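Below you'll find the structure, written out as structure tokens, and then a few comments.
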Amino acid sequence: MNTANYNRFIGFMSLLESQATTAKERDVINSARGMFAKCAQLEGTAGTMDVNMAAKSRSPEFGMMDHSGPKTKPMTQEEKDAFNADVTARNKQWKKQLGSMRRRVKTAENTLEQYAEIAPGELDAWVENTLRPTIEEYLDTEEGGLVWADENKKTVKRERGAGGFITPAMKRAKYEDDKKAYIDQIKAKKAKEEEAKKAKDAEAAKTQEAEAKGDEVKEAPKDEQKAEPEKKKGLFSRMKAKLFGESVDASELRSCFESVFGNSEHLSDEAIRAICYNAVDRKFR
């Protein structure tokens, strides 16, 4: 390697260092620069590095520079399939844990709303001094990929270094997007409730006005009254289709099943879906 190539490499390392966002990243770059300089000393000065480095690069101290071939053996197709299946299982378990957490949060919302009515000052202080700092600390940390959190492979967690890492900037961007999406959902729900209330109030006002004028309030025809049970049945059928249709993720149904009956590894997704559907169907039959 001549002086020009050496200087080009050092310049490239300096460029990387200028783009580093954390002290740990700068340390890694500095370590790489130091290893390169040490290799340069073994071969001679930067200006005389024209000697073949293949022989010395295989020394125990610098085994990582061996250019004779790849250090890791390529995976076979079976190994690739097993690896991909494991990744799929981890992502599925993560989604299942998230669904379970969201259900528990939904229950906790009612408790917090009651807490806000009874002791709003205490709740607000807890949010500012405990909840917000926890969120900020989370957003300022780096995370890795999903790994199994236990030997039985029942839970997963994020760990740095496992399949790359998520930077604080990326986490904050997703945080803002998720927050905006949830606020939009709340606004849409409130708008829908207000529209329903206005329609109900308008109907009530119309009925009162008719009664004040002495008009007879017409009752629903008997035929319509008889048809009411069929309408309810049709509505519930649509509810069942919504709750247990193919569009619903099987992991959510499995989580619901396991919360009552425990382990369900011996049952397929189709079996779980059928059991949940039939259980609701028997209850309202």
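The values are calculated or read from the model by the stated rules, or taken from the named source; none is laboratory data. What you are looking at is a predicted structure, and each value in this text was computed from that prediction instead of being measured. Quick reminder, even Gly has a Cβ in these numbers, built from the backbone with ideal geometry, and neighbours come from all protein chains shown.
Select, from Arg102, Arg132, Arg90, the only residue that is of a type in the set (Lys, Arg), assigned to a helix (DSSP H, G or I), surrounded by 12 or more Cβ atoms within 10 Å (Cβ to Cβ) and not assigned by TED's automatic domain parsing to the domain that holds Ala250. Full working, then the answer.
On the way: Arg102 fails: surrounded by 12 or more Cβ atoms within 10 Å (Cβ to Cβ); Arg132 fails: surrounded by 12 or more Cβ atoms within 10 Å (Cβ to Cβ).
None of the other options fit; the residue is Arg90.
Which residue out of Glu137, Glu211, Glu151 is farther than 22 Å from Asn91 by Cβ and more than 20 Å from the chain's Cα centre (by Cα)?
Values: Glu137 fails: more than 20 Å from the chain's Cα centre (by Cα); Glu151 fails: farther than 22 Å from Asn91 by Cβ.
Going through Glu137, Glu211, Glu151 in turn, the sole match is Glu211.
Give the residues of the stretch 98-113 that are polar (S, T, N, Q) and farther than 16 Å from Trp126 by Cβ, sorted by residue number. Quick ask: steps written out before the conclusion?
The first filter runs over the stretch 98-113 and keeps only residues polar (S, T, N, Q), leaving 100, 107, 110-111.
Within the stretch 98-113, Ser100, Thr107, Asn110 meet the criteria.
If we scan the stretch 110-122, do we find a residue that is assigned to a helix (DSSP H, G or I), within 23 Å of Thr22 (Cβ to Cβ) and modelled with pLDDT under 95? Let's see the steps before the verdict.
To start, the set of residues in the stretch 110-122 that are assigned to a helix (DSSP H, G or I) comprises 110-118, 120-122.
When the remaining residues are screened for being within 23 Å of Thr22 (Cβ to Cβ), the result is none.
No, the stretch 110-122 has no match at all.
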